[in-house]
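Novice: I am attaching a structure below and will ask some questions about it afterwards.
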Amino acid sequence: MSNIVTLKYFNSFAMNVCAHSINKVYSEHELLMYWKKATEHDKSVLLLGGGCNVLFLENFNGIVLLNRIKGVLVNEDDSAWYLHVGAGEIWHRLVVYSLSKNMPGLENLALIPGYVGAAPIQNIGAFGVELQQFCEYVDVLQFYNENRIRLNATECQFGYRDSIFKNKLDNQQYAIVAVGLKINKNWYPILRYKSLRSLNVSGITPYQIFNFICKLRQKILPDPAIIGNAGSFFKNPIIDENMFNTLLRYNPDMPYYLQRNGSVKLFAGWLIDRCHLKGYRLGNAAVYNKQALILINCNQRATGMEIIKLASYVRNKVADRFSIWLEPEVRFIAAQGEVDALQLLQ
Ligand code: FAD
Ligand code: EPU
């Protein structure tokens, strides 16, 4: 097997790297078949949905499986709809489908790129809503013993851009094959996020929120089909109250979001912007000029290492000014699979 297939069109950063093969997989049986074959040949396996949250650092020395297990099953009772969704459904299409079937609730999560199977991994979120508010269970196929297990929401250990799937399971040993969602029937609009506050709560419909969010996202986020990127490169930092009070004293206009446990979420985009890095370019990598939390691949020519150099630069600048070390949200993929992003940035 040699590196012959380009991954450029399978990762939203548009990194021009190769893998031994790229395979669309439509069933659990096929997943197991590919995994066994790869293991027999001592090859690594990488599961991808849309490649919208990964940064390839070099050629991937193994096979890529694109999870395309389809299907949406809907049940309901008096209080909720229950959706069992194949991991290979496109997330945004699921949002559109649920609204078209009069099952409102997912509208704040419109236009998040990628597939349903990846949604629980970082507990996708936007505009004051996170997947965990809907997720009842995640079905996981364990390659090594061929068992399919179901993790309930508590077992998924959801947090801000976090879950058990991100840290605690070896990501070459399992595949998410389906996600169970519960959408409550007592719909109400969630408009507390700053950029939604201009909307009038009374009489607003789910479709109006959906359309507003789609337009807003299209205005501030770069379209990966045109500009390579993976959305927010860093997570928003969460700091303790003491540190927050000190920072606020020197930066009274700093936006923040109080957490239930007394800690405070700051906005990495604002911190980077305050370091005057919007539009900053290093080689073929740049900080997006409309949203400082997004790093972009200029003219589709950047390498993974160029993005990392820029990310390290940004991180150091923010740390110098605010004593906060930003942590990446994006997953870094090297020749054999995922590598520790934080370690690489140091
Ligand atoms: P991939 O990038 O293909 O995979 C991500 C990780 O999950 C990889 O480590 C991969 O190996 C693993 N993986 C994928 N599928 C499976 C599976 N079935 N089983 C096991 N492991 C798997 N995220 C948000 O939360 N909110 C946003 O508002 C948001 N906006 C974005 C805007 C843009 C323009 C872009 C490019 C990205 C944005 N993101 C956002 C990030 C991204 O959309 C999400 O992380 C999304 O869930 C990624 O889905 P994917 O299918 O592309 O995952
Ligand atoms: N800000 C600036 N300058 C910038 C960018 C942001 O000052 O260049 C300020 C904004 O004015 C605002 C605050 O920072 O006061 C927050 O900005 P925004 O509402 O754009 O959201 P964000 O924190 O940058 C987060 C998520 C996004 C999600 C949006 C909307 C993370 C890491 N990012 O971005 O998710 O779409 O909120 O809810 O939590 C992703 O994860 O890839 C992603 C795009």
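The values are calculated or read from the model by the stated rules, or taken from the named source; none is laboratory data. This structure is a prediction, so every number in the text was calculated from the model and none was measured. Neighbour counts are summed over all protein chains in view; Cβ atoms, including those assigned to glycine, are modelled from backbone coordinates with ideal geometry. Quick note on the areas: whole protein, heavy atoms, side chains included, nothing else; ligands and nucleic acids left out. Shrake-Rupley method; radii C 1.70, N 1.55, O 1.52, S 1.80 Å.
Novice: Need pairs with beta-carbon distance below 6 Å; first residue on the phi < 0 side of the Ramachandran plot and within the stretch 215-229, second open to solvent by 80 Å² or more (accessible area, probe 1.4 Å); sequence gap 6+ or separate chains.
Specialist: Pairs that qualify, where the first residue is on the phi < 0 side of the Ramachandran plot and the partner is open to solvent by 80 Å² or more (accessible area, probe 1.4 Å), are Ile220/Lys290.
Novice: I need the helices (runs of 4 or more DSSP H) fully contained in the stretch 244-346, keeping only those with at least 3 residues that are more than 30 Å from Lys43 (Cβ to Cβ).
Specialist: Values: elements: 268-274, 304-322, 341-345.
Where helices (runs of 4 or more DSSP H) fall fully within the stretch 244-346 and carry at least 3 residues being more than 30 Å from Lys43 (Cβ to Cβ), they are 268-274, 304-322.
Novice: Scan (1) more than 16 Å from ligand 2 (Cβ to nearest atom); (2) aliphatic (A, V, I, L, M); (3) part of a loop (DSSP other than H, G, I, E, B) for the single condition Leu32 breaks and write down its number.
Specialist: (3)
Novice: Consider only pairs whose beta carbons are under 8 Å apart and that are at least six residues apart or on different chains; among these, list those whose first residue lies in the stretch 49-61 and is assigned to a loop (DSSP other than H, G, I, E, B) and whose second residue is of a type in the set (D, E, K, R).
Specialist: From the stretch 49-61, the pairs are Asn53/Glu329; Asn53/Arg331; Asn61/Lys43.
Novice: Enumerate the strands (runs of 3 or more DSSP E) found wholly within the stretch 65-162, keeping only those where 3 or more residues are without any contact (Cβ under 8 Å) to a residue 60 or more places away in the chain.
Specialist: Working: elements: 72-76, 80-86, 135-142, 148-152.
Of the strands (runs of 3 or more DSSP E) lying wholly inside the stretch 65-162, those with at least 3 residues that are without any contact (Cβ under 8 Å) to a residue 60 or more places away in the chain span 72-76, 135-142, 148-152.
Novice: Still on this structure, please answer the following. When you go through Pro206, Pro255 one by one, which is the residue that is closer than 30 Å to Tyr188 by Cα, touching a Gly at 6+ places or on another chain (Cβ under 8 Å) and open to solvent by less than 40 Å² (accessible area, probe 1.4 Å)? Show your work before the answer.
Specialist: Working: Pro255 fails: touching a Gly at 6+ places or on another chain (Cβ under 8 Å).
After applying the criteria, what remains is Pro206.
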